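The values are calculated or read from the model by the stated rules, or taken from the named source; none is laboratory data. The structure displayed is predicted, hence computed values, not measured ones. In this analysis, Cβ positions are derived from the backbone assuming ideal geometry, glycine residues included, and neighbour counts consider all displayed protein chains. For accessibility, only protein heavy atoms count, side chains too; no ligands or nucleic acids. Shrake-Rupley method; radii C 1.70, N 1.55, O 1.52, S 1.80 Å.
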Amino acid sequence: MEVKIGVQHANRELVLESEQTPEEVQSAVAEALTGKTGLLTLVDEKGRRVIVPAEKLAYVEIGESEIRKVGFGAV
């Protein structure tokens, strides 16, 4: 699943592929915003952790990964 994170005062968004479910990502965002931890922590497909301070979050977009088609073929 693809997750896009907008960070305040940053020109580019963070994009990561995660094996977490949309519900897990949504609960992690909600927990970070309620002030319990103050940090949004997500894990990508390779096991790397992405940590963003909750007060710097602009938006979080949760979506399915697109399967990219390569080559020529009938549409």
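How much of the accessible area of the chain, in percent, comes from carbon and sulfur atoms when a 1.4 Å probe is used? Of the solvent-accessible surface of the chain, carbon and sulfur hold 50 percent. For the chain, the relative contact order comes to 36 percent (Cα pairs under 8 Å, sequence separation of at least 6). At R0 = 25 Å, how high is the FRET efficiency between Thr21 and Glu55 if r is their beta carbon distance? Nearest 0.05 is fine. Efficiency at R0 = 25 Å is approximately 0.45. Site pair Lys46 and Lys4 shows an inter-label distance of 2.2 nm when each label is modelled 7 Å from Cα along Cα→Cβ.
Annotation: per residue accessible area for the chain equals 79 Å², rounded to a whole number [probe 1.4 Å, protein chains only]. At a temperature of 37 °C and a viscosity of 0.692 mPa s, determine how fast the chain diffuses translationally according to Stokes-Einstein, using the Kirkwood radius over alpha-carbon pairs as Rh; express D in µm²/s, rounded to the nearest whole number. Approximately 245 µm²/s, per Stokes-Einstein.
Taking the longest Cα principal axis of the chain as reference, the axis of helix 22-33 is set at about 30 degrees.
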